[in-house]
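Have a look at the structure below before the remarks.
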Amino acid sequence: MTRTSTPRSVTLTRESEGVYVATGADGSQLRFGRGEGLLSPVELMLAAIAGCSSIDVDAMTSRRAEPDRFEVTASADKISDDGANILENIRVAFDLAFPDGAEGDAARKRIGAALRASHEKHCTVSRTVEAGVPVALVEAGADPGA
């Protein structure tokens with residue numbers, strides 16, 4: 001088995017107190033933060049988990065039939081234990097509908113396998129969360145091992 005590494009990054013800039021803009025390597029941007037009309041970082045994490053799996057499931061089912069409905073809800077319980085916060089019971093529910101007929105039947109039959117493949121192999125986001133990969137918060141230019 002071959003292991004490869006491909007760096008990924010986003011740059012975050014402060015727009016105002018509690019409001020930030022994330023910029024991807026291609027220049028695409030997303031505004032988020034704390035306040036009305038903004039997704040929170042926790043909501044973004046849930047969206048990333050749902051979005052990553054949605055891309056996988058969509059690719060594996062829609063080549064058979066275009067969905068009539070494709071709605072995915074990611075939810076979790078935010079737990080505060082002595083002031084330390086964590087999400088538990090992360091759930092991603094897929095509500096999919098495909099048209100009647102042979103193509104829709106083929107897409108419906110593919111849903112289970114698509115969900116398994118996304119969860120077990122393809123979705124980098126949920127696999128990373130489940131693996132419990134450490135996160136290092138460092139000052140720019142500082143030695144992360146110091």
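The values are calculated or read from the model by the stated rules, or taken from the named source; none is laboratory data. Every value quoted in this text rests on a predicted model; they were computed, and no experiment measured them. Here the Cβ is made from the backbone with ideal geometry for all residues, glycine too, and neighbour counts use every protein chain on show.
Are there any pairs, at least 6 apart or on different chains, whose C-beta atoms fall under 6 Å, with the first in the range 1-22 and under 14 Å from Arg34 (Cα atoms) and the second among the acidic types (Asp, Glu), and if so, which?
Val21/Glu15
Which one of the conditions (1) assigned to a loop (DSSP other than H, G, I, E, B); (2) farther than 15 Å from Phe70 by Cβ does Pro99 fail to meet, given that it meets all the rest?
Looking at each condition in turn, Pro99 falls short on (2).
I need a count of the residues in the range 68-95 that are farther than 21 Å from Val125 by Cα and either touching a helix residue (DSSP H, G or I) at 6+ places or on another chain (Cβ under 7 Å) or polar (S, T, N, Q) (or both).
1
For Lys109, state whether it is assigned by TED's automatic domain parsing to the domain that holds Leu46 and either surrounded by fewer than 12 Cβ atoms within 10 Å (Cβ to Cβ) or at pLDDT below 95 (or both).
Considered against the rule, which asks whether it is assigned by TED's automatic domain parsing to the domain that holds Leu46 and either surrounded by fewer than 12 Cβ atoms within 10 Å (Cβ to Cβ) or at pLDDT below 95 (or both), Lys109 comes out as no.
Among the residues in the range 65-81, are any at positive phi and loosely packed, with under 12 Cβ neighbours inside 10 Å?
No, the range 65-81 contains no residue that is at positive phi and loosely packed, with under 12 Cβ neighbours inside 10 Å.
Could you say whether any residue in the range 32-40 is within 16 Å of Val129 (Cα to Cα), small (Gly, Ala, Ser) and surrounded by 12 or more Cβ atoms within 10 Å (Cβ to Cβ)?
Looking through the range 32-40, none of the residues is within 16 Å of Val129 (Cα to Cα), small (Gly, Ala, Ser) and surrounded by 12 or more Cβ atoms within 10 Å (Cβ to Cβ).
Given the options Ala114, Ala76, Ala84, Ala47, name the one that is under 27 Å from Thr6 (Cβ atoms) and without any contact (Cβ under 8 Å) to a residue 40 or more places away in the chain.
Ala47
Give the residues of the range 112-134 that are surrounded by fewer than 16 Cβ atoms within 10 Å (Cβ to Cβ) and outside any helix (DSSP H, G or I), sorted by residue number.
Listed by number, the residues that qualify are Gly132, Val133, Pro134.
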